[in-house]
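Peer 1: This is the structure, below, for whatever I ask next.
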Amino acid sequence: MEFTTFLFYLFAAVMLFSALRVITARNPVHAVLFLVLAFFNAAGLWLLLQAEFLAIALIMVYVGAVMVLFLFVVMMLDINIERLRHGFWEHLPLGATIGAIMVVEMATVLTGKYFGLSNFPAHVLPVGESNTKALARILFTDYVYPFELASVILLVAIIAAVMLTLRQRKDTKGMRPSDQVAVKRSDRLRIVAMASESESPATDSKGGAPL
Amino acid sequence: MLNNFVIPDFYPVAPEIFLLAMSFIILFADLLFSATQRWVASTLTTITLLGCAALTVITADGQTTLTLSNLFVDDLLADFLKLMTYLSVVMVLIYGRQYLVERGLDKGEFYLLVLYATLGMMVMISAASLLTLYLGLELMSLALYALVAIDRDSARATEAAMKYFVLGALASGLLLYGMSMIYGATGNLDIADISQVLYQGQADKTVLVFGLVFIVAGIAFKLGVVPFHMWIPDVYHGAPTVVTMLIGSAPKFAAFAMALRLLVYALFPLVAEWQQMLLIMAVLSIGLGNLAAIAQKNIKRMLAYSAISHMGFMLLGLTSGVIGHEIDPFTAINAYSSALYYTVAYVLMSLGSFAMVLLLSRAGHEAEQLDDFKGLNQRSPWFAAMMLIFMLSMAGIPFFIGFFAKFSVLTAAITAGHVTIAVVAVMFSLVGAFYYLRIIKLMYFDAPAETAPLIATPTFRILLSLNGIAVAAFGLFPDAIMAICTAVLLHSL
């Protein structure tokens, strides 16, 4: 047995085991950690397929960012494990059926006439060529326009998210010392020019006694 | 690979680059000036759009130029549609200014999102690859979803935004799935390459037609035709009127461009299949749109259903390009230019009608009910006359632009042999005339419910008057726009 074949079975076995533990682990934190392990092994499988860019992206994006966030959420939430596990065995047949259907569907597509594996032969990279480099080259030359467009879409997402969630609170009583120091007379006091008024009791038109 | 890469020609992309650069300037200018000078963002946005128009005119050379690794196309059709897009967006901004100020929505983000939506439309209009088409669509849609929800305190707007977002995401998924099928069958994303592979007849037809169904569904959703119209009434009703006006105008050009690029440029060899699908949707839209509009008490919903029926008419033009199995370029160009003409006419009328809704609204009062139009003639005879023009034109009564739009589409349909369908369409537009005429009856023969004078800035009044006069004048001289539409398509197809 070649060494790479051995590695494939090792990665695949550990991945299947940890994927199974994700849904059977009693503690949600353990489940998330098993998911991390599953991702690591999937990355290993991709490395064996010479798809090192995908492998690195999986570890950096999913393990590094998404799963850490997941872990925080799971730790912060007060999860009732008993309620979570309730009905596990009742729902198992349904879940297993859906899983089986998905496997059958994938098998039909991959062995089928239109998108079967025989229609798409494996692309073998020449020695010394890495697909990270190839992707980088193509992304910043031929596909720079879609790349930039995707970044504009992300910018729109940021603007929209800020617009929809940012609220300036009106009920805070905080003070800004800089504003207080910088205040000018004209901000506080308004001097109005008007004719002078003298108070004389004799001008009372009704002729009554002044109060 | 690196050695044979040449720096692409950025000249045809100048309007897009200018708009993007200006949007960054506005982003920062708004931070600096938003507290004191509210007009900065809106003025800069208008200047940006005018600058884009100037650049589009300068770079228009009548040639079909592919650039940026064949992902971007600059042809006469793109230039024309872009100019119409700028025009309608600028009109929306001018019409909506006072409405936004009165409701505290006059924020820099509004103008930025409008600019990015415009950029998305421009990218769609100039797309030469499925990839850029899809990215442009997402850019436009994402900005529009956020714009619908811009009035955060309105539960109705939030609900509308949610519906729009979920259904829009679903439609994008359908479209993307269809595109992936086309890619799987042809091995190409470039529109020109796809059609070349199809003409050579190498691709598997089953996969192609399977993908085509999803692509047509995606286009139908963006145009808002039956059976993918569910979002239109709720979004038109729920969104702030300015945003409704925006959704009801400029994106129609982008959706038209998307339909043309995907169906005519890329998948023309499958014309027999997609023509049939579009035909069914066109008839259903004209029927359901006109019937459902009668039952509406809210003018925004009524205009939404009328939009569905108008888009059905536009599709009727797109379905009439090819008769039987013979492809005659002149029939095809006539049919597609009638669809283009219909889109232009519809957007002009739609802008005017929503502007009338804005005119009757004021702070704290949305003139959304049909009853708000009661006795408008006594309050302002001139604007009642404008509304009369828009409604008669939408109903397709001669001699307004809407009549000639319907006329050219129906001529194309009859030339293509769809006589029965043309008769059905005319019958339903007669049914539709009822609800347009009802507004005219309310304006001229009912006593006004309120007598408050109409408040509008002089710019608004002038623009609305020009809009009404344009609808009437292009109805008297329809040949001008029709000639432009035909010439544009003749040079681009």
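Peer 1: Being more than 12 Å from chain A (Cβ to nearest Cβ) and touching a residue at least 60 places away in the same chain (Cβ under 8 Å) is the filter; apply it to the stretch B:13-28 and report the residue that is nearest to the chain's Cα centre (by Cα).
Peer 2: Here the residue is B:Pro15.
Peer 1: Do we find that A:Glu105 is within 30 Å of the chain's Cα centre (by Cα) and more than 13 Å from every other protein chain (Cβ to nearest Cβ) in this structure?
Peer 2: Working: within 30 Å of the chain's Cα centre (by Cα): yes; more than 13 Å from every other protein chain (Cβ to nearest Cβ): yes.
When the stated conditions are applied, A:Glu105 passes them.
Peer 1: Can you tell me which residue in the stretch A:141-200 is farthest from the chain's Cα centre (by Cα), limited to those that are assigned to a helix (DSSP H, G or I), more than 10 Å from every other protein chain (Cβ to nearest Cβ) and β-branched (Val, Ile, Thr)?
Peer 2: Taking the candidates together, the pick is A:Val181.
Here is a yes/no grid of residues against (1) within 16 Å of the chain's Cα centre (by Cα); (2) free of Cβ contacts under 8 Å to residues at least 60 places away in the same chain; (3) more than 14 Å from chain A (Cβ to nearest Cβ); (4) closer than 30 Å to B:Thr186 by Cβ:
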residue: B:Asp74; (1), (2), (3), (4): no, no, no, yes
residue: B:Lys82; (1), (2), (3), (4): yes, no, yes, yes
residue: B:Ser88; (1), (2), (3), (4): yes, no, yes, no
residue: B:Val92; (1), (2), (3), (4): yes, no, yes, no
residue: B:Arg97; (1), (2), (3), (4): no, no, yes, no
residue: B:Gly104; (1), (2), (3), (4): no, yes, no, no
residue: B:Thr132; (1), (2), (3), (4): no, no, no, yes
residue: B:Leu139; (1), (2), (3), (4): yes, yes, no, yes
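Peer 1: Let me ask something else. How many residues, within the stretch B:398-421, are of a type in the set (A, V, I, L, M, F, W, C), closer than 18 Å to B:Leu278 by Cα and in contact (Cβ under 8 Å) with a residue 60 or more places away in the chain? I'd like the intermediate steps shown before the answer.
Peer 2: Step one: of the stretch B:398-421, the residues of a type in the set (A, V, I, L, M, F, W, C) are B:399-401, B:403-405, B:407, B:409-410, B:412-414, B:416, B:419, B:421.
Filter once more, keeping what is closer than 18 Å to B:Leu278 by Cα: B:409-410, B:412-414, B:416, B:419, B:421.
Narrowing further to those that are in contact (Cβ under 8 Å) with a residue 60 or more places away in the chain: B:409-410, B:412-413, B:416, B:421.
Residues flagged as of a type in the set (A, V, I, L, M, F, W, C), closer than 18 Å to B:Leu278 by Cα and in contact (Cβ under 8 Å) with a residue 60 or more places away in the chain within the stretch B:398-421 amount to 6.
A quick yes/no check of all residues on (1) assigned to a helix (DSSP H, G or I); (2) within 30 Å of B:Ile323 (Cα to Cα):
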{"position": "B:Tyr341", "(1), (2)": "yes, yes"}
{"position": "B:Ala345", "(1), (2)": "yes, yes"}
{"position": "B:Ser350", "(1), (2)": "yes, no"}
{"position": "B:Met356", "(1), (2)": "yes, no"}
{"position": "B:Met391", "(1), (2)": "yes, no"}
{"position": "B:Pro398", "(1), (2)": "no, yes"}
{"position": "B:Phe403", "(1), (2)": "yes, yes"}
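Rundown of residues vs (1) under 16 Å from B:Ala146 (Cα atoms); (2) modelled with pLDDT under 95, yes/no style:
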position	(1), (2)
B:Asp74	no, yes
B:Met84	no, no
B:Val89	no, no
B:Leu100	yes, yes
B:Asp106	yes, yes
B:Phe110	yes, yes
B:Val114	yes, no
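Peer 1: Looking only at the stretch A:111-139, count how many residues are out of contact with any Asp or Glu (no Cβ under 7 Å at 6 or more places or on another chain) and either surrounded by 13 or more Cβ atoms within 10 Å (Cβ to Cβ) or among the basic types (Lys, Arg) (or both). So that I can check it myself, show each step before the final result.
Peer 2: Our first condition is that a residue be out of contact with any Asp or Glu (no Cβ under 7 Å at 6 or more places or on another chain); within the stretch A:111-139, this holds for A:111-113, A:115-129, A:133-139.
Within this subset, residues satisfying the condition of being either surrounded by 13 or more Cβ atoms within 10 Å (Cβ to Cβ) or among the basic types (Lys, Arg) (or both) are A:113, A:115, A:133-135, A:137-138.
So the count comes out to 7.
Peer 1: Would you check if there is a residue in the stretch B:34-54 being in contact with a Lys or Arg (Cβ under 7 Å, 6 or more places away or on another chain) and touching a residue at least 12 places away in the same chain (Cβ under 8 Å)? Talk me through it step by step, then tell me what you get.
Peer 2: Taking the stretch B:34-54 as the starting set, the residues that turn out to be in contact with a Lys or Arg (Cβ under 7 Å, 6 or more places away or on another chain) are B:42.
Now drop any that are not touching a residue at least 12 places away in the same chain (Cβ under 8 Å), which leaves B:42.
There is at least one residue in the stretch B:34-54 that is in contact with a Lys or Arg (Cβ under 7 Å, 6 or more places away or on another chain) and touching a residue at least 12 places away in the same chain (Cβ under 8 Å).
Peer 1: Next up: Identify all residues within the stretch A:158-176 that are under 23 Å from B:Ile150 (Cβ atoms) and exposed (fewer than 15 other Cβ atoms within 10 Å of the Cβ); write none if there are none.
Peer 2: The first filter runs over the stretch A:158-176 and keeps only residues under 23 Å from B:Ile150 (Cβ atoms), leaving A:158-170.
Passing the criteria: A:Ile158, A:Ala161, A:Val162, A:Thr165, A:Leu166, A:Arg167, A:Gln168, A:Arg169, A:Lys170.
The values are calculated or read from the model by the stated rules, or taken from the named source; none is laboratory data. If you're wondering where the values come from, they're calculated on a predicted model, not measured in any experiment. Methodologically, a virtual Cβ is constructed for each residue, glycine included, from the backbone with ideal geometry; neighbour enumeration extends over all protein chains shown.
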